[in-house]
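We did not get these values from a lab; they are worked out from the coordinates using the rules stated. Remember, predicted model here, so these are calculated numbers, not experimental data. A quick note on method: Cβ atoms are made from the backbone with ideal geometry, for glycine too, and the neighbour counts reach across all protein chains shown.
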Amino acid sequence: MFLPAFFAGPLVDRWGRRRVAGAGALALVGSATVALSGLGFAQFLASSLLLGVGWNLMLIAGTTLLSENHAEHERGPAQALMELCNGGMAVAMSFGSGALLSGIGWTAINAAMLVLLAVALGLLWSMAPRRAAV
């Protein structure tokens, strides 16, 4: 999960934040798709690997986007708020994951992940610069 951080920063510098965030979202799509394909150890391992890579790429690219879209004096508080929300959701989902899994099930969780990722990819696509008609 954290190992890709050594490579994510240089990837953001080289390819840009939208492309890296998009690659992260696609890795998460792969994670959900593999998770939906079965409950075996191989699926769990592959899904977990893709989940860690996708999470890290989206976190690094998103943090870069956040800092670039705030004035210098706003960056610290904006970053702190993002970290608070990220940590708060991690705590909430640590306590709620069992109830969520038993309530809606593995398939619904991964299907919901695909829907949320479609929204994220749509937002990334809408941020892309448009070329003028010739």
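Observations on the structure shown:
- Leu50 passes every criterion in (1) closer than 18 Å to Ala21 by Cα; (2) over 15 Å from the mean Cα position of the chain (by Cα) apart from (2).
- The conditions of being assigned to a helix (DSSP H, G or I) and farther than 13 Å from Trp106 by Cβ are not met by Ala32.
- Residue in region 47-54 that is without any contact (Cβ under 8 Å) to a residue 24 or more places away in the chain and not in a helix (DSSP H, G or I) present: no
- Qualifying residue in region 3-21 (condition: among the hydrophobic types (A, V, I, L, M, F, W, C), under 21 Å from Leu116 (Cα atoms) and free of Cβ contacts under 8 Å to residues at least 24 places away in the same chain): no
- Residue satisfying condition, being closer than 16 Å to Val115 by Cα, surrounded by fewer than 21 Cβ atoms within 10 Å (Cβ to Cβ) and of a type in the set (Gly, Ala, Ser), within set Gly40, Gly52, Gly30: Gly30
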